[in-house]
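Have a look at the structure below, then the notes.
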There are 4 protein chains.
Amino acid sequence: MANLVIVIQCKDQVGLVAGNSGVLARSKINIISMREHVDAVENRFFTRLEVEGVADVSQLEKELREALPSDADVTVNPTPEKKIFVLVTKEFHCLSDILVRNHFGTLGAKVLGVAGNHAHLGDICRRFDIPFTHVSHEGKSKPEFEKELLAVLKANPADYIVLAKFMRILSSEFIRHFPMKMINIHHSFLPAFIGSSPYQQAFDRGVKLIGATGHFVTDDLDQGPIIAQQIIPVNHTHTASAMMKAGREIETAVLAKALNLVLRDKVFVYKNKTVVFE
Amino acid sequence: MANLVIVIQCKDQVGLVAGNSGVLARSKINIISMREHVDAVENRFFTRLEVEGVADVSQLEKELREALPSDADVTVNPTPEKKIFVLVTKEFHCLSDILVRNHFGTLGAKVLGVAGNHAHLGDICRRFDIPFTHVSHEGKSKPEFEKELLAVLKANPADYIVLAKFMRILSSEFIRHFPMKMINIHHSFLPAFIGSSPYQQAFDRGVKLIGATGHFVTDDLDQGPIIAQQIIPVNHTHTASAMMKAGREIETAVLAKALNLVLRDKVFVYKNKTVVFE
Amino acid sequence: MANLVIVIQCKDQVGLVAGNSGVLARSKINIISMREHVDAVENRFFTRLEVEGVADVSQLEKELREALPSDADVTVNPTPEKKIFVLVTKEFHCLSDILVRNHFGTLGAKVLGVAGNHAHLGDICRRFDIPFTHVSHEGKSKPEFEKELLAVLKANPADYIVLAKFMRILSSEFIRHFPMKMINIHHSFLPAFIGSSPYQQAFDRGVKLIGATGHFVTDDLDQGPIIAQQIIPVNHTHTASAMMKAGREIETAVLAKALNLVLRDKVFVYKNKTVVFE
Amino acid sequence: MANLVIVIQCKDQVGLVAGNSGVLARSKINIISMREHVDAVENRFFTRLEVEGVADVSQLEKELREALPSDADVTVNPTPEKKIFVLVTKEFHCLSDILVRNHFGTLGAKVLGVAGNHAHLGDICRRFDIPFTHVSHEGKSKPEFEKELLAVLKANPADYIVLAKFMRILSSEFIRHFPMKMINIHHSFLPAFIGSSPYQQAFDRGVKLIGATGHFVTDDLDQGPIIAQQIIPVNHTHTASAMMKAGREIETAVLAKALNLVLRDKVFVYKNKTVVFE
């Protein structure tokens, strides 16, 4: 019998926990872990359960839907392997980390392929037997470039698209094809240093900490829901270039953490914010 | 109508969440927050709820007990102000922090009084109108000293006794008067550097991080259930004395955090470990 | 013979370390610790030494000036006790921490007095025998209010003025009386959330870390040189108000750290950035 | 002209900084960065300089030796590429991180080869064109196993041997072939949880933080000089197995940091402790 993750999101009201836990109790399904959150400002209910002892997944999903309000977003997810596609430019650290985890089966997803607007990272992909597509942006208009990229993504239907230091700004039109399906690593502690050259901005301002942010991509640049953030201390000895080098360590770590959370169904999105059951 | 905290601990079985959430739903009581944990190794269930809309506290407690197994430990706690008593020696930092928070009403408890085996900290207590008792250990046997101290504590019945850098080792006999009621700050990252002079031990070992640990006191020295821990980086420039100075900052912070968690009923103890719903 | 701190800042050139260390060696003065930094972008040299065995301080200062370029900023500082004055509004946490450290002699400075635009914190000052002046802003124009405040500060000449959660925005004219002499704690991770209500801004943006920044005050709001920064994790359970409460802990810690660094002559300022020899 | 690192260690006395900075000034050599430490307990002097403008390296080394006490340990190191050899068992995370950094030229050393007591990690080495030798311990006495391993290491003379989750305990005899040349990652916050199964020990104790330690290997198990340490928070939801998974992230990070520090000549060893000029 399958070990299952159940995620539910809906308008808050009295009796939601009783509703879904009652269904589970009547079916003699044991709750291994349960997290619940009510956003009192938005009057919104979120819950994530891990359960065991489920004989009939579709029956359970049906019973949960009946026990909950009709607008409830209920997913009974037998943790199937998810699929991701990765976009890159030239920097190797985030991609390599993903390829290593994928190779050894600890990523929580299968990497379908990688596309880069430069050819630099094709070699590392081939070493791990992962298809790499070079979609150059040079000599093309933005719509032309995005049309090509879109064709690659459509040919490789993935649950999530990961921007692993992909350094081109994508248009709103492009992003709308993948709502809450694109995950980006931004190389600053958002909302500080939005946009380009955040390490140079951090150096110029003389900050004592630098950060990295994993977030969903929305059509407003660097403004999407934040999944995870991390910082490291810097000081007067760090040039902008040294900050960039130091920052790679947390970019890698934060993107890995954000992916881990999303791929294990621990992240809910509502109104440009996330609920994360770590 | 009161805003309530409900804490429940019992042997795990199917239907516990359904049991208590069913009671709440039938009484139209809204769950503001809910944390739940099943210790699969120990087969033990823990939950903490914050609810609103309770008309009759004793009726709710009765109904919860009926809906749960007979061995369940159920407390419906209308967050009354708790009372603490503080034991100190000479160091001011943890005590002062507690006195300040008590004075401005953010401690989550009322400080009944302070006793010290030295007289040094009497002055700061008087400045905050908190009774201070000097119970000297000098020229006394350990049983004599502890008998005097016990008399002071019995005269000031507190929910928790806080050892805020109290530097005398208490006997098992003494500690058994206050099972899981004494909270200590140990000036190391337990279980490293158990016992005396942990900063000297840390200096001698050449560690790169030092820590502090807030824990319940059991009759096995520095072996009680851990509530909170924190570290700060140190390096070759830190003498043992500099480590001690730096350590005071995290001793203060960790004890404050441990108290905050315990006083808000967020800490469960089972078999020398804690479940902490932060 | 005094134990001394020597701080030197000047345009970088070959031979600066040889110059000042040669002076010390010829006088048989032992270097206990030495930190040195060259800002290669600005071509600027910074050094801080702790030395022992100095018989004649003014003679040493004279010899150091002769051995260094004429534009060098040389201070031989026999670590006399510095004096600070504190400005507050209503929040107690940063002020109380300063008062406690001052009372027990670990602040590294003497608190001359405290002024508040509200009367709330007068009581805690009196408990520590520190003069408190209520300078209300109500019913006064900004120039009138600042004139009164300036009179208080001029009557209490301090090495540094500490804004310990002082919630009025001071005019450029006012600030220019105290260049690089005012230290502020800002309740965000600057440059994120400049200005008012940073915790509300952080809540609205859904960040996963909140921060605090200790910085020198310049006439550009929240844009002065940063001395120290720290963060703590937050999550979806934190309302703006809970972030504010959590943030108090790091506001207290960061201001304490920034003061410790400045009062021990470990902070150099050049072109809106700091060099901090921790 | 080469950019150089100079490292000096000797008994402390007046005039050491003047001695070496005088040599540099007379040769018109510019100091880019300089770190200095005096261990007052051990009366020991350590310094690390980065300089530019050196025409004749051997002449500079000669002059520095003449200017310093005869017992001084002086190395003028034109940062040549160092060579490392890696020992592994089955776990992939630390090795993969090293292989990726080596492949992209950011490791600060060249990986000569990898040996494993299991064959599991041969594949990932081959993918990066790094020689892998399987030296099985099965069916062999410890001396036999170590004799084989020693032969591999002698055939691949490296500056440092990195134990990247090598799970066999090496004999004192073996270790003495490589004094202060073996770097290990221990999966706990030493000195807590020395020896085997530290995550199980951490779980049993109920700690709230787990750590990892990068250290030099001496013949006393897990007692060698510590280079770097790091921690991450854990809680009641972490089983021993979950702690192990979470711990891999910091094991990888700490070993990478320790290697970075050692390979850039930022680590000095004296009497079982390190001086680290980060």
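Given the range B:29-125, what percent of its DSSP beta bridges are antiparallel, to the nearest 5?
Values: 9 of 16 bridges.
Taking every DSSP beta bridge with both residues in the range B:29-125, the antiparallel ones total about 55 percent.
Taking H as built 1.01 Å from N, whose amide H comes closer than 5 Å to the amide H of residue C:133, not counting residues under 5 places away?
Hits under the 5 Å cutoff: C:114, C:115, C:116.
Among D:80, D:92, D:9, whose Cα lies farthest out toward the positive end of the dipole of the range D:1-153, if unit charges sit on the beta carbon of Lys, Arg (+1) and Asp, Glu (-1)?
After comparing all options, I get D:92.
Scanning chain D for helices, which whole DSSP H stretches are 27 Å or more long along the axis (Cα) and average 0.5 or more by Kyte-Doolittle? Before the final figure, lay out the partial values.
On the way: long enough: D:240-263 (33 Å, 0.75).
Membrane-span-like by this criterion, though nothing is claimed about a membrane: D:240-263.
Just tell me how shielded A:205-215 is by partners: mean number of partner chain Cβ atoms within 10 Å of each residue's Cβ, no decimals. Working shown, then result.
Working: counts 7, 13, 9, 15, 9, 0, 7, 0, 3, 1, 2.
Taking all residues of A:205-215 together, the mean is 6.
Using a ≥ b ≥ c from the Cα gyration tensor of the range B:212-271 (square roots of the eigenvalues), is it rounded, prolate or oblate, where a/c under 1.5 gives rounded and otherwise the larger of a/b and b/c decides, a/b for prolate?
prolate
Accessible area lost on pairing C with D, both sides, 1.4 Å probe, Å² to nearest 100? Walk me through the numbers before you get to the answer.
Numbers: alone 13820 and 13770 Å², together 26240 Å².
Chains C and D together bury roughly 1300 Å² of accessible area.
Along each of the three principal axes of the Cα atoms of the range A:152-197, give the extent in whole Å, ordering the values from largest to smallest.
Here the Cα extents, ordered largest to smallest, are 35, 18, 17 Å.
What's the magnitude of the charge dipole for the range A:4-76 around its Cα centre, counting Lys and Arg as +1 and Asp and Glu as -1 at the beta-carbon? Answer in Debye, nearest 20. Write out the running numbers ahead of the final one.
Values: 8 positive and 12 negative charges, 30 e Å.
Magnitude of the dipole: close to 140 debye.
Just the number, please: Stokes-Einstein D of the range C:4-76 in µm²/s, Kirkwood Rh from C-alpha pairs, 20 °C, 1.002 mPa s. The partial results should precede the final answer.
Working: Rh = 12.2 Å.
It diffuses with D of about 175 µm²/s by this estimate.
Are there GluC sites (Glu not before Pro) in the range B:126-177 that DSSP puts in a loop and that have at most 13 other Cβ atoms within 10 Å, and which ones? Let's see the in-between values first.
Numbers: sites: B:138, B:144, B:146, B:148, B:173; in loops: B:138.
Qualifying residues, ordered by number: B:138.
If I take R0 = 30 Å and measure r between the Cβ atoms of residue B:241 and residue B:180 in this structure, what FRET efficiency does the formula 1/(1 + (r/R0)^6) give, to the nearest 0.05? Present the calculation step by step, with values, prior to reporting the outcome.
On the way: r = 34 Å, r/R0 = 1.15.
Rounded to the nearest 0.05, the efficiency is 0.30.
So, in nm, how far is label residue C:140 from label residue A:81 when the simple model puts each one 7 Å beyond its Cα toward the Cβ?
7.2
Output the antiparallel fraction of DSSP beta bridges having both residues in the protein assembly as shown, as a percent to the nearest 5. Can you show the working numbers first?
Working: 154 of 222 bridges.
Among the beta bridges of the protein assembly as shown, antiparallel pairing accounts for roughly 70 percent.
Let me know the Rg and Dmax you get for the range B:126-178 when you use only its Cα atoms, in Å.
11.8, 34
How far apart, in nanometres, would the label points at residue D:151 and residue C:120 be if each is projected 7 angstrom from Cα along the Cα-to-Cβ direction?
Result: 7.8 nm between the two label points.
Treating only the Cβ atoms of Lys and Arg (+1) and Asp and Glu (-1) as charged, compute the dipole magnitude of the range D:1-135 about its Cα centre; round to the nearest 20 debye. Numbers along the way, then the final one.
Details: 15 positive and 17 negative charges, 71 e Å.
Charge dipole, the range D:1-135, about its Cα centre: 340 debye, nearest 20.
Would you mind counting up the charge near residue C:89? Only other residues with Cβ under 9 Å from its Cβ, with Lys and Arg at +1 and Asp and Glu at -1. Could the numbers behind the result be given before it?
Details: positive: C:90, C:165, C:168; negative: C:91.
Result for the local shell: +2.
Can you send over the carbon and sulfur percentage of the accessible area for chain B, probe radius 1.4 Å, protein chains only?
Details: 5650 of 11130 Å².
So the carbon and sulfur contribution to the accessible surface is 51 percent.
On average, how much area does the Cα convex hull of the range C:123-265 cover when viewed from any direction, in nm²?
Working: hull surface 38.3 nm².
Quarter of the Cα hull surface area: 9.6 nm².
Over 23 Å between C-alpha atoms is what I'm after, so list which of B:110/B:147; D:110/D:165; B:266/C:245; A:181/A:273; B:165/B:245 land there.
Details: B:110/B:147 25 Å; D:110/D:165 19 Å; B:266/C:245 17 Å; A:181/A:273 15 Å; B:165/B:245 14 Å.
Beyond 23 Å: B:110/B:147.
For chain C, compute Rg over Rh where Rg is the Cα radius of gyration and Rh is the Kirkwood radius from the inverse mean 1/r over Cα pairs.
Numbers: Rg = 20.7 Å, Rh = 20.4 Å.
In chain C, Rg relative to Rh is 1.01.
Semi-axes of the equivalent ellipsoid of the protein assembly as shown: what are they in whole Å, largest first, if each equals the square root of 5 times a C-alpha gyration tensor eigenvalue?
So the equivalent ellipsoid measures 45, 41, 32 Å along its semi-axes.
On average, how much accessible surface per residue is there in chain B, in Å², for a 1.4 Å probe, leaving out ligands, DNA and RNA? Spell out each step's value before the answer.
On the way: 11130 Å² over 278 residues.
Here the per-residue accessible area is 40 Å².
The values are calculated or read from the model by the stated rules, or taken from the named source; none is laboratory data. Treat the numbers as computed from the prediction; the structure is a model and nothing was measured. Here the Cβ is made from the backbone with ideal geometry for all residues, glycine too, and neighbour counts use every protein chain on show. To get the accessible areas, we keep the full protein, side chains included, count just its heavy atoms, and leave off ligands, DNA and RNA. Shrake-Rupley method; radii C 1.70, N 1.55, O 1.52, S 1.80 Å.
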